[in-house]
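The values are calculated or read from the model by the stated rules, or taken from the named source; none is laboratory data. Just so it is clear, the structure is predicted and the values come from calculations on it, not from any experiment. FYI the Cβ positions are ideal-geometry reconstructions off the backbone, even for glycines, and counts take in every protein chain you see. SASA here: full protein model, heavy atoms, side chains in, ligands and nucleic acids out. Shrake-Rupley method; radii C 1.70, N 1.55, O 1.52, S 1.80 Å.
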Amino acid sequence: MLRKTNSVPLHTQASNYMREKIYNREWDVDEKIPTEFELTDILGMSRGTVKRAIKSLVDEGLLVQIPGRGTFVTRPNITHPSGNCLLSFAESLHSQGIEFETQVLESTIIRADAFLSEKLLVPVNAPVLFLRRVRTVDGEPIMYIENRLSMLVVPGLDKVDFEEESLFKSIERCAGKRIGYSQARYAAKIAGEKRGEILQVGEEAPVLHLEQQVFLSDNVPVEWGNVWLRANRYVVGTVLQRV
């Protein structure tokens, strides 16, 4: 799992591995993670290195250690219902007169696991569009976006050119319904290796993370997504509410 010839210290690589598990919800909120001994076998490293990696994630607020029980993924403590009107990031940028470009990194049909089944109210193995995009301003990336969208609710969405058309407009066109509201959580986090590379910041750089579940006007969930924003380039204060 680790690149021992890499200049990145082993404990940092281990932290990156565990951080990705949490960010991708492979280790879910309140879930107990593998023990130090199990992680030692998985990663092929010493227990001391594993302990150091876990401590760094505890310090970041991603994990909590409970004596006698183990180490668990922490629960976010802020939830923000946005109300009945929603403004996409693309619309927000346009409203501020900011020119930007969108690059699609991945657009793939995946199958819903138990987590996505719960979030999107679809059967396990139902088709879900996994979309990854990065937005740039003046050639500099300012946000990295991951979306998971129910193809049962928005058939044909996989045919959209998301470098030209915004996600919210595409959803409303394919679903034949208006987007109603979202439930969102905000948190300051560490970029980690993968997202740091995409946003062109160091893996220890702070980023603003938005986790959002979007519903249509009939209360049907259509999307669960994550947005990662460079802390030094973007303020999310006006993103959610329309004028």
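Dipole magnitude for region 112-243: computed about the Cα centre from +1 point charges on Lys and Arg Cβ and -1 point charges on Asp and Glu Cβ, it is near 360 debye.
Look at where the Cα atoms of region 206-233 and of region 101-119 average out, and the two centres are 13 Å apart. Annotation: lysines with alpha-carbon distance below 29 angstrom to LYS21 (same-chain offsets under eight excluded): LYS4, LYS32, LYS51, LYS55, LYS119, LYS189, LYS194. Taking N as the residue count of region 167-219, its C-alpha radius of gyration divided by 2.2 N^0.38 Å amounts to 1.55. Heavy-atom accessible surface of LYS189, to the nearest 10 Å², is about 40 Å², with a 1.4 Å probe and all protein chains retained. The residues of region 105-233 expose, per residue, 42 Å² of accessible area to a 1.4 Å probe. Region 23-65 and region 137-196 have Cα centres separated by 29 Å.
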